[in-house]
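Okay, so here's the structure we're looking at.
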Amino acid sequence: MKLTKTLMASTALTVAAVSAHAEDMANSMTLVSWGGAYQKSQVNAYTNPYQEMNEGLEVVWDESSAEAVAKLRAMDEAGNVTWDVVDVVAADALRLCDEGLAMEIDPDEHLAPAPDGTSAEDDFGDLLVGDCFIPQIVYSTTFGYRTDMVPEGAEAPSDICSVFDTETYPGKRSLEKRPINNMEWALLCDGVAKDEVYDVLATEEGQQQALDKLDTIKDDVIWWSAGADTPQLLADGEVFMGSTYNGRLFSVIEEQDQPVAMMWDAQVFDLDGWIIPANLPEDRLARALDFIYFATDTQRLADQAKWISYGPARASSAPLVGQHAELGIDMAPHMPTDPENAKNTFLYNYEFWADYRDDIDAKFQAWLAQ
Amino acid sequence: MTITVIEPKPVPFVAAVVAAAGAFCGLFVGTAQGNSLLGVFAGAAITAALAVVFLTVFRQEKAARWITTLGTAAIGFAFGGAMGGLIGLAFGWFFGWFIFWLGEGRYRSKLPPYTTSLQVFYHFLFRVICGMIFFFLITPIVVVMPLSFNAEDFFTFTPEMLRLDPEGYSLKHYRDFFTNDDWQQAMWNSISIAPIATLLSVSFGTLAAIGLSSEHVPFRRPIMAILISPMIVPLIISAAGMYFFYSRLGLQGTFWGVVLAHAALGIPFVIITVTATLVGFDRSLTRAAANMGADPVTTFFRVQMPLILPGVISGGLFAFITSFDEVVVVLFVGSAGQKTLPWQMFTGLREQISPTILAVATILVAISICLLTTVELLRRRSERLRGMSPG
């Protein structure tokens, strides 16, 4: 043990002694992401060009973003962090940052400025939540519905409240097995004004009101926990409508040609991006920072939108969004941020849910078990 | 072989039994059409009516069976296309046969003449229960096979598939498995980890079993209990423990870490099977060998090993399967570079429900069947050569 420590310390010293040139960067890098089409878009937009620039660099992908917080904690505890760059949702990034498991980022030092010279801090703007989070995409949780299951005589659903209207739109719905988003939608459809939703939800009665509203459709709900569930249920025709990430729905509609359409009303925006684990060895940290600088520049973020319908996090990337790389369709109208789609939106309320999550989670789970 | 003279049975009895079977089948058809109760009654009524007609008015077995088979096939086809036709065909064939098998009393022909009605009933009830257990065990495995040839990227029997339209089927998920780097990497990891882990478990497990079976070893039972513990302790606990232990040693996230972890999981299986074979091993043979000048190592390989080999091999098979199937420990001890097939299937199922998983499952099932058949054939052959079985 002692020997290992001495060895490690001397290695660290040697590494620290020389400045971080390309040859001092680790030639292998472990990226953590979500798998599926999303990871494919990152491979195409980020790591493939990056590997072309850096010959001999090995990139290992680990599809563990779903349990990134728990795994990073365990790695930290065991003193053996094997990840270099981790893709997480903003809420997880905030938690990791608070616990000191993620490295703090200085946007203007670690991130590229926009091509017109705007600093990274201004280019990302409000999306830079927390001190460790490097935003990558804006995605939304929204609804898709089977076009061939819309009852005759009824209009296609275009209002969030049609989720709760089982009379006009009979059939099962799939909702995520957690209170976030569901509680907001329930209140919104129970007559609460949009800008009062969180005030109401902060009270005991408000939480009960939301659960009561959800109770009216409880028998018609299939609860999902993985993003792939709702697309499968929609393709099966097992549900009439269901919530999931908009990129998944895009894939179902445009790539898989299923009779499904989007209902963008009251979609909830959320952010996804990178963090770098705290206390990486010098050479791996240099590699991770170099990769981040490259992968979050204006062009790269815009490139990702060629492969998946998530909005780039930089303001300067938006005009560069082009066509889908394989289908050749314009991607702009499929972005959650497109003005046509974003008429009525929510932004995930990080502060509210950080304060109330445990409490409301417990109530929600108890209600589910009833 | 007929051992009982058969005689036609009373029509009401036959009609009642056939109606019960019809109700059971009707339940499935009815549920598929959205009305279980109607299905039960219609199934019972139709089959009972057929039984009465065939056994009283129209007692021409061949013709009657053809008529039922083709008739139900046509009805099935009219309602449900090709698939409905096939199901109808099977139903019609079965009920045509069933009515005459019961009506002519043929079901008694292979039972001794002195069996009572109750015994006959139990005899067939037993078979039905066995059949249902078999069905229960095998259906989940069989149902994924056609789905793996799905032309779409979902776990769905599409209308094209149900119509048996070739358009609805494709080999693209198999192509994906053989061309996708992630899957190929996972397969090679599994193929290289499992044999080494097996080799280690077999060596250590056999040695431990031999040592523990000699009487002069102190604390045999506690040692045995500790060695067997990976099999008894919940896997997740072993996994978490190994994770922290291996991290300290620098083994976490390495190839050898996963191999060692899997070897530890496999050792109990080898110990148990080898200990069981050693019970029947005659110790005087080793003493005889020593008496003739053989050193312990020679004795082990020339005398003891050949005799306990069946136990070693079956223990090795279990150890191999443990490593090949294992997902919990590898998730902890491995890192993304050691992703095995079960791990890849697990993440694939969670993040992207893609039928490639079903294609892999089908391939694995096919390989297991081949392996088991080979082992069984080899076993029979060696038994025959040793003259242990007459076949």
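The values are calculated or read from the model by the stated rules, or taken from the named source; none is laboratory data. These numbers come from a predicted model, not from an experiment. Note that we place each Cβ from the backbone using ideal geometry, even for glycine, and neighbour counts take in every protein chain shown.
Numbers below:
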quantity: Qualifying positions in region B:252-261 - modelled with pLDDT under 90 and either surrounded by fewer than 17 Cβ atoms within 10 Å (Cβ to Cβ) or more than 33 Å from the chain's Cα centre (by Cα) (or both); calculated: B:Gln252
quantity: Test for B:Arg350: is it part of a helix (DSSP H, G or I), out of contact with any helix residue (DSSP H, G or I) (no Cβ under 8 Å at 6 or more places or on another chain) and modelled with pLDDT under 90; calculated: no
quantity: Members of region A:341-370 found to be at pLDDT 90 or above and either part of a loop (DSSP other than H, G, I, E, B) or more than 29 Å from A:Tyr310 (Cβ to Cβ) (or both), listed by number; calculated: A:Asp359, A:Ala362, A:Lys363, A:Gln365, A:Ala366, A:Trp367, A:Leu368, A:Ala369
quantity: Region B:333-347, subset in contact with a strand residue (DSSP E or B) (Cβ under 8 Å, 6 or more places away or on another chain) and part of a helix (DSSP H, G or I), residue nearest to the other protein chains (Cβ to nearest Cβ); calculated: B:Ala336
quantity: Condition check for B:Phe149: surrounded by 14 or more Cβ atoms within 10 Å (Cβ to Cβ), on the phi < 0 side of the Ramachandran plot and within 14 Å of chain A (Cβ to nearest Cβ); calculated: no
quantity: Residue match in region B:128-140 (condition: in a helix (DSSP H, G or I), closer than 30 Å to B:Glu7 by Cα and among the aromatic types (Phe, Trp, Tyr)); calculated: no
quantity: Odd one out for A:Leu347, checked against (1) under 16 Å from the mean Cα position of the chain (by Cα); (2) more than 20 Å from A:Glu255 (Cβ to Cβ); (3) surrounded by 15 or more Cβ atoms within 10 Å (Cβ to Cβ); calculated: (3)
quantity: Selected residue [over 20 Å from B:Met187 (Cβ atoms), more than 14 Å from chain A (Cβ to nearest Cβ) and within 20 Å of the chain's Cα centre (by Cα)] from B:Ser314, B:Ser323; calculated: B:Ser314
quantity: Test: residue in region B:16-27 that is crowded, with 18+ Cβ neighbours inside 10 Å and under 30 Å from B:Glu160 (Cβ atoms); calculated: yes
quantity: Residue count, region B:45-102 (criterion: of a type outside the set (A, V, I, L, M, F, W, C) and over 37 Å from the mean Cα position of the chain (by Cα)); calculated: 5
quantity: Test: residue in region B:262-281 that is surrounded by fewer than 20 Cβ atoms within 10 Å (Cβ to Cβ), more than 20 Å from B:Ala194 (Cα to Cα) and of a type in the set (Gly, Ala, Ser); calculated: yes
quantity: Close pairs from region A:76-91: first within 21 Å of B:Gln338 (Cβ to Cβ) and within 11 Å of chain B (Cβ to nearest Cβ), partner of a type in the set (S, T, N, Q) and part of a loop (DSSP other than H, G, I, E, B), Cβ under 6 Å, at least 6 apart; calculated: A:Asn80/B:Gln252; A:Thr82/B:Ser335
quantity: Which numbered condition A:Val129 fails, given (1) at pLDDT 90 or above; (2) farther than 21 Å from A:Tyr46 by Cα; (3) surrounded by fewer than 22 Cβ atoms within 10 Å (Cβ to Cβ); calculated: (1)
quantity: Qualifying residue in region A:258-276 (condition: assigned to a helix (DSSP H, G or I) and surrounded by fewer than 20 Cβ atoms within 10 Å (Cβ to Cβ)); calculated: no
quantity: Pair list, Cβ under 7 Å, 6 or more apart: region B:61-90 residue in the same structural domain as B:Glu104 (by TED's automatic domain parsing) and at positive phi, other residue of a type outside the set (D, E, K, R) and surrounded by fewer than 16 Cβ atoms within 10 Å (Cβ to Cβ); calculated: B:Gly81/B:Leu162
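This table checks each residue for (1) aromatic (Phe, Trp, Tyr); (2) within 14 Å of another protein chain (Cβ to nearest Cβ); (3) buried (at least 18 other Cβ atoms within 10 Å of the Cβ).
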site	(1), (2), (3)
A:Ile160	no, no, yes
A:Thr166	no, no, no
A:Pro179	no, no, yes
A:Met183	no, no, yes
A:Ala193	no, no, no
A:Gln208	no, no, no
A:Asp219	no, no, no
A:Thr230	no, yes, yes
A:Leu233	no, yes, yes
